[in-house]
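Shown next, in structure tokens, is the structure this report addresses.
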Amino acid sequence: MSHYYAHVVQMTKMVKQLDHWLDKAAAHATAKKFEPMVLLQARLAPDMYPLLRQIQSATDGAKFLAARLAGVKPPKHEDNEQTFEEVRARVRSVLEYLGTFNETMFAEAERQVIPLNFMPGKGLNAIDFLTEFNLPNTYFHLCMAYAILRHNGVDLGKTDYIGSLNLRDL
């Protein structure tokens, strides 16, 4: 299976799920008569990122995964979102960006060494970048966003996290 299908398609699905969670969060806030942006500063523990930063980190992980494997420069987000609408716009812009990729763009992915911005002069080969860093890190931030919303009463279940499955008849 190609990197495109195994990773870009999957990250697209998960960012769409994140967008769905935000739909449910907005509906929850409306039903409970508070502004949805209140949720953006919610966190599970004092030393953890709030929901806003979890969303920024998850969307960064998804776009960086695609861009770095395809050998292109990802778009820059300024991380200055303040409102629920701005966060939703960021999520949707990452979905649009992921939609610009196709399978042929990943033909050279295996040969790449991906630089690690937080460790100047160091990098990982593509498969190690995926399995040791990007995928676990991106799923971590997605899980934390889900957990923060769930902790704050948003009606989310496991199927909201996983999303639809491509079921086949046996």
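Summary of values
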item: Sole residue being under 12 Å from Ala58 (Cα atoms) and under 19 Å from the mean Cα position of the chain (by Cα), chosen from Asn134, Asn102, Asn117; result: Asn134
item: Output for region 6-50, where each listed residue is touching a helix residue (DSSP H, G or I) at 6+ places or on another chain (Cβ under 8 Å), over 20 Å from Val91 (Cα atoms) and not aliphatic (A, V, I, L, M); result: Thr30
item: Looking only at region 31-69, and only at residues there that are among the charged types (D, E, K, R) and outside any helix (DSSP H, G or I), the one that is nearest to the chain's Cα centre (by Cα); result: Arg43
item: Residue under evaluation Gln17, criteria (1) closer than 18 Å to Asn102 by Cβ; (2) surrounded by 17 or more Cβ atoms within 10 Å (Cβ to Cβ), criterion not met; result: (1)
item: Among the candidates Leu149, Leu135, residue that is buried (at least 16 other Cβ atoms within 10 Å of the Cβ) and in contact with a Phe, Trp or Tyr (Cβ under 8 Å, 6 or more places away or on another chain); result: Leu149
item: Checking Gly123 against (1) buried (at least 18 other Cβ atoms within 10 Å of the Cβ); (2) farther than 16 Å from Thr59 by Cβ; (3) of a type in the set (Gly, Ala, Ser), the condition it does not meet; result: (1)
item: Single residue of Phe84, Phe118, Phe129, Phe140 found to be closer than 17 Å to Leu65 by Cβ, buried (at least 16 other Cβ atoms within 10 Å of the Cβ) and not small (Gly, Ala, Ser); result: Phe129
item: Contacts under 8 angstrom Cβ, first residue in region 5-16 being within 16 Å of Ala67 (Cβ to Cβ), partner at pLDDT 95 or above and surrounded by fewer than 18 Cβ atoms within 10 Å (Cβ to Cβ), 6 or more apart; result: Thr12/Gly99
item: Pairs, first modelled with pLDDT under 95 and of a type in the set (Phe, Trp, Tyr) in region 41-64, second surrounded by fewer than 17 Cβ atoms within 10 Å (Cβ to Cβ) and outside any helix (DSSP H, G or I), C-beta under 7 Å, six or more apart; result: Phe64/Pro74
item: Checklist (1) touching a Pro at 6+ places or on another chain (Cβ under 9 Å); (2) within 30 Å of Leu69 (Cα to Cα); (3) of a type outside the set (Val, Ile, Thr) applied to Ala26, failing item; result: (2)
item: Residues of region 82-120 satisfying the condition of being of a type in the set (Asp, Glu) and farther than 15 Å from Val15 by Cβ; result: Glu85, Glu86, Glu103, Glu108, Glu110
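The values are calculated or read from the model by the stated rules, or taken from the named source; none is laboratory data. Predicted model only: the values in this text are computed from it and were never measured. Ideal geometry is used to build each Cβ from the backbone, glycine not excepted, and the neighbour counts take in all protein chains shown.
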